[in-house]
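One structure is given here, and the rest of the page talks about it.
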Amino acid sequence: MAGGSGTRFWPASRAHRPKQLLPLGGGTESLLAATVARIAPIVPTERTLVVTAAVLADATRRELPSLPAENLLAEPSPRNTAPCIGWATRTILARDPEAIIAVLPSDQHVDDPAGLRASMQSALEVAKVRALATIGIRPTRPDTGFGYIETGGFVPEVDGAHEVSRFVEKPDAARAREYLASGRFLWNSGMFFFRARAMDEAIRAHLPELARGLDAMIGDAAVREVFPALPSISIDYGVVERVGATPGQVGVVPGDFGWSDVGSWESAWELAAKDDAGNALPEGAIAVDARRNLVRLEGSARGKQVALVGVEDLVVVETDDALLVLPRGRAQDVRAVVEALKAKGRNDLL
């Protein structure tokens, strides 16, 4: 899934170059390219489909030159994850009615690709014996920014896999601490695994309007006409949680492979290479009595001399036409800047 806008990474992220097309995982490779590369040993490129926005199709092809042209699905307009996954599922069903599908977000970082692939293999096995499967991340802190999964008993057919007792929305701080202390909860990674037939049946059962729209999407002209009118709903709420309301239908594999959802400039700082004072800076930057700062230069700003003196915990991002400065601890508030620009009609900066 590669259609997100990534507004929390403004000004580096724009409508024409969103988060998944940026190198935010500590290297030079975009998050999207890294996602495809890390799963290639078990899902080669010829069996990888990428669903993105029509306006991002050309940029996505440039990031993935080896992706077959017929494996890129371009959404005419954003309609959330259920239509995205429904369309991809129908496309795969037409090629292989017995297919098992792994759905991965394109904007996550993984430190241990082999560990991810091992968890994926287990989740694909769970998908053979349950309606749906997912990977849950072992929580390392009481984070309020993630949905949680409460684990139940074991799935006997797959070592280490659990039944899902329930999916929980993002909690407040007190409840997040309770979840962490209990040892029964995992972060919801947004990765899903299922037999293509099972997902198609689930969409027909729980989202019949979406199923009827997908039935009508035969040919490019129909896609352009029908897709923008599909219901905008997430796969979590529209299908996964509803299927999971029946005990024993959804399984989860606990994962521990250095996962990050790369959700803000704070995450980018955590993943970046740093100096002894915790600064993540461009090559040649000068830092005097400065600690734990992130500086990123884009476009014509690259190559500028950067100097920091006596500052701590800042994010500084400069592009051709914008400069962002904020405390790292308020990285989530970048979205407020985007909203302010929209209110001013400055779409040229979005």
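The values are calculated or read from the model by the stated rules, or taken from the named source; none is laboratory data. All of these numbers come straight from a predicted model, not from anything done at the bench. Reconstructed Cβ throughout: ideal geometry from the backbone, glycine too, with neighbour counts over all protein chains shown.
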Of all residues in the stretch 87-97 being over 17 Å from the mean Cα position of the chain (by Cα) and in contact (Cβ under 8 Å) with a residue 24 or more places away in the chain, the one that is nearest to Ala229 (Cα to Cα): Trp87
Counted residues, the stretch 191-220 - those being over 23 Å from Glu98 (Cα atoms) and either crowded, with 19+ Cβ neighbours inside 10 Å or of a type outside the set (Asp, Glu) (or both): 0
Some residue of the stretch 281-303 being closer than 24 Å to Leu104 by Cβ and acidic (Asp, Glu): no
Residue check for Ala53: in contact (Cβ under 8 Å) with a residue 60 or more places away in the chain and in contact with a strand residue (DSSP E or B) (Cβ under 9 Å, 6 or more places away or on another chain): no
Unique match (being modelled with pLDDT of 95 or more and not in a helix (DSSP H, G or I)) among Leu341, Leu326: Leu326
Test: Arg79 is among the charged types (D, E, K, R), out of contact with any strand residue (DSSP E or B) (no Cβ under 6 Å at 6 or more places or on another chain) and touching a residue at least 60 places away in the same chain (Cβ under 8 Å): yes
Count - residues of the stretch 9-32 that are under 13 Å from the mean Cα position of the chain (by Cα) and in a helix (DSSP H, G or I): 5
Exclusive hit being of a type in the set (D, E, K, R) and assigned to a helix (DSSP H, G or I), set Arg175, Arg166: Arg175
Condition met for Val43 (of a type outside the set (Ser, Thr, Tyr) and either closer than 28 Å to Leu350 by Cα or free of Cβ contacts under 8 Å to residues at least 12 places away in the same chain (or both)): no
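The rows are residues; the columns are (1) assigned to a strand (DSSP E or B); (2) at negative phi; (3) among the hydrophobic types (A, V, I, L, M, F, W, C); (4) in contact with a Lys or Arg (Cβ under 8 Å, 6 or more places away or on another chain).
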site	(1), (2), (3), (4)
Gly153	yes, yes, no, no
Pro156	no, yes, no, no
Tyr179	no, yes, no, no
Arg204	no, yes, no, no
Leu210	no, yes, yes, no
